[in-house]
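*Asks:* Sharing a structure, written as structure tokens. Questions coming.
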Amino acid sequence: MKMGQINKSYVVDTTNSPQARLRPVPIDAVRLQDSFWAPRLRLLREVTMSTQYQLMEETGRLWNFKRGAGKSEGPFRVFSSMTRMSTKWVEGVAFCLASMPDARLKNLVSPLIDDIVAV
């Protein structure tokens, strides 16, 4: 690869391919009930996601979304990774909710999604 050239990798959907041996499985069709992953996913859902949200609030990473949605006034604040971190958190919560419903997490993520959509 030449300097400055971007290495692109692609995900290929083989759902309709007659040659594919493996097929995608819907996330809600998988239940991890083992002694290794299940406790880690429970900790992620019950502790980590809430803690990350609290840290994003405390460090102002959610401020620009609230400001952009018209829920707060004042100047926009700039964080280099603010948007990426917040949207990756939303993605993580979505995966948690897809595998196990959780009203507390849903109540945390819903207003942020509303703000992101409004912006």
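The values are calculated or read from the model by the stated rules, or taken from the named source; none is laboratory data. If you're wondering where the values come from, they're calculated on a predicted model, not measured in any experiment. Cβ atoms come from the backbone with ideal geometry, glycine included; neighbour counts cover every protein chain shown.
*Asks:* Considering segment 23-39 alone, what residues qualify as being over 20 Å from the mean Cα position of the chain (by Cα) and within 16 Å of PRO101 (Cα to Cα)?
*Replies:* Answer for segment 23-39, where residues must be over 20 Å from the mean Cα position of the chain (by Cα) and within 16 Å of PRO101 (Cα to Cα): just GLN33.
*Asks:* Shifting gears a bit: When only residues in segment 2-41 that are part of a helix (DSSP H, G or I) and modelled with pLDDT under 90 count, which is farthest from LEU108 (Cα to Cα)?
*Replies:* ALA29
*Asks:* Still on this structure, I have one more. Just to verify a result, which residue in segment 43-67, among those that are closer than 13 Å to ARG77 by Cα and touching a Lys or Arg at 6+ places or on another chain (Cβ under 9 Å), is surrounded by the fewest Cβ atoms within 10 Å (Cβ to Cβ)?
*Replies:* GLY60
*Asks:* May I ask you to list the residues in segment 72-94 that are at pLDDT below 90 and not polar (S, T, N, Q)?
*Replies:* GLU73, GLY74, PRO75, PHE76, ARG77, VAL78, PHE79, MET82, ARG84, MET85 - these are the residues of segment 72-94 that are at pLDDT below 90 and not polar (S, T, N, Q).
*Asks:* Name, by its number, the condition in (1) under 21 Å from the mean Cα position of the chain (by Cα); (2) free of Cβ contacts under 8 Å to residues at least 12 places away in the same chain that does not hold for ALA20.
*Replies:* Just one mismatch for ALA20, condition (1).
*Asks:* Go through SER86, SER72, SER35, SER99 for me and flag whichever is surrounded by 12 or more Cβ atoms within 10 Å (Cβ to Cβ), over 19 Å from VAL117 (Cα atoms) and among the hydroxyl-bearing types (Ser, Thr, Tyr).
*Replies:* SER99
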